[in-house]
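Accompanying notes for the structure given below.
The values are calculated or read from the model by the stated rules, or taken from the named source; none is laboratory data. All of these numbers come straight from a predicted model, not from anything done at the bench. Don't worry about glycine lacking a Cβ; one is built from the backbone with ideal geometry, like all the others, and counts go over all protein chains shown.
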Amino acid sequence: MNYMTNESHLRDGYDLPVYGLSNGHFYSLHIPALTCIFLSLGSAILTVILSFRQKSYKSFFSWYKSERLVVYLAVCDAAFNLAHSLDHLHILITKNHVHPKELCQFYGFMLAVFISAQNLMVNVIALNAFVLIFLGRQIEFGKMDYRLMLWTFGVPFVCATIAGIAGQLGPNGSFCYFDGVKGIVANFLFTTVPLTIIIIVNSVLYSLTLRRIYLQEKELRKTLGKQRTTTRHIAARAMSVFVLVFLIQWWAMAVYGLWSFVESDAVPAPIYHLVTTFSNVGGILNFGVYLYIRRRLHSSQAPREHSLGRREQPSGRASTQLSA
């Protein structure tokens, strides 16, 4: 993110002033951000611990798909929060940019990889819910979820590596991400554009999926004369929770990215502070998803019917047994 005009004499992000020192916003940015980050980090770690403790008698890839996805997202949040807490702490303590530059670039690399991985993963979840409701199929993740891993972690890793080699990562005045001078266009193309597109696509898929569920359940009520929720509907609703949480976490960052790219000097400070709040609470939100999924699984008389997805078959169709 860049909040300064890209003047010709600025060589890189280290020539930018540290955000907030001149206008009194320094502590109001970093202290709330660190509070959210540490709460999120603790929630993400707790999610992983509770998930494995609950399923200690089963191998990871035999878990329900919903439970594995919760862990994947918690890992993204934990890695993101860990790196982000270190660069915020460094800036808060020194009141200066993170040095050496290689350390700042490493923090930026971690943020770029795990933010993008989370974005792509939730997009897959939204698409999976849509396909499940409209086509009665599921997207195959492959053995040990290798297709999901290659797409959600492999692509961001390669792109962030290229950005790092090209010198696009560094300080932006507030933390380490894309360089606030050299990496403006890269940040827009790597973060703002994909995030905005994914938010729009997820919102559309989310709305269409829930509307279709409502119409199908309404038809079932007319036919059976009573409330009826199918296994497929329960699975799609569980997926939709991931999408809703994603929209809550990243809407502010998308708005800020678009606004700052068009007119960086005109972005109101409250919007910038909203970014540091909402984007840093992913672990807390994901812990809420974990509790929701766990409650849905344990409140059912037939827990297998309340998982996120059915057992994947070579044909790509879901079997009658809900599973990983």
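In segment 178-191, the residues that are within 17 Å of Val155 (Cβ to Cβ) and surrounded by fewer than 22 Cβ atoms within 10 Å (Cβ to Cβ) reach residues that are at pLDDT 90 or above and small (Gly, Ala, Ser) with C-beta atoms within less than 6 angstrom, at least six apart or across chains, in these pairs: Ala186/Ala163.
Ser51 meets the conditions (1) surrounded by fewer than 18 Cβ atoms within 10 Å (Cβ to Cβ); (2) farther than 25 Å from Thr191 by Cβ in every case but one. The failed one is (1).
Residues in segment 98-111 that are assigned to a loop (DSSP other than H, G, I, E, B) and either out of contact with any strand residue (DSSP E or B) (no Cβ under 7 Å at 6 or more places or on another chain) or surrounded by fewer than 19 Cβ atoms within 10 Å (Cβ to Cβ) (or both): how many? Talk me through it step by step, then tell me what you get.
First, the residues of segment 98-111 that are assigned to a loop (DSSP other than H, G, I, E, B): 98-100.
Cutting the leftovers down to either out of contact with any strand residue (DSSP E or B) (no Cβ under 7 Å at 6 or more places or on another chain) or surrounded by fewer than 19 Cβ atoms within 10 Å (Cβ to Cβ) (or both) gives us 99-100.
Total satisfying the criteria: 2.
Can you tell me which residues in segment 66-97 are more than 17 Å from the chain's Cα centre (by Cα) and surrounded by 22 or more Cβ atoms within 10 Å (Cβ to Cβ)? The answer is Asp87, His88, Ile91, His97.
Within segment 90-118, residues that are touching a residue at least 40 places away in the same chain (Cβ under 8 Å) and within 16 Å of Gly13 (Cα to Cα) have Cβ atoms under 8 Å from residues that are of a type in the set (S, T, N, Q) and crowded, with 23+ Cβ neighbours inside 10 Å in these pairs: Ile91/Ser174, counting only partners at least 6 apart in sequence or on another chain.
Exactly one residue out of Gly136, Gly108, Gly170, Gly154 is on the phi > 0 side of the Ramachandran plot and modelled with pLDDT of 95 or more: that is Gly170.
With respect to Leu86, is the statement that it is part of a helix (DSSP H, G or I) and either in contact (Cβ under 8 Å) with a residue 40 or more places away in the chain or closer than 22 Å to Met110 by Cβ (or both) true?
On the way: part of a helix (DSSP H, G or I): yes; either in contact (Cβ under 8 Å) with a residue 40 or more places away in the chain or closer than 22 Å to Met110 by Cβ (or both): yes.
Considered against the rule, which asks whether it is part of a helix (DSSP H, G or I) and either in contact (Cβ under 8 Å) with a residue 40 or more places away in the chain or closer than 22 Å to Met110 by Cβ (or both), Leu86 comes out as yes.
Restricting segment 238-280 to residues that are buried (at least 20 other Cβ atoms within 10 Å of the Cβ) and outside any helix (DSSP H, G or I) leaves a set whose member that is modelled with the lowest pLDDT is Val267.
Can you confirm whether Ala74 is over 25 Å from Leu169 (Cα atoms), assigned to a helix (DSSP H, G or I), modelled with pLDDT under 95 and in contact with a helix residue (DSSP H, G or I) (Cβ under 8 Å, 6 or more places away or on another chain)? Outline the logic, then answer.
Values: over 25 Å from Leu169 (Cα atoms): no; assigned to a helix (DSSP H, G or I): yes; modelled with pLDDT under 95: yes; in contact with a helix residue (DSSP H, G or I) (Cβ under 8 Å, 6 or more places away or on another chain): yes.
The answer is no for Ala74.
The residues of segment 122-150 that are surrounded by fewer than 21 Cβ atoms within 10 Å (Cβ to Cβ) and within 19 Å of Thr196 (Cβ to Cβ), listed by number, are Val124, Leu127. Ala302 meets each of the listed conditions (1) under 24 Å from Leu120 (Cα atoms); (2) at pLDDT below 65 apart from (1).
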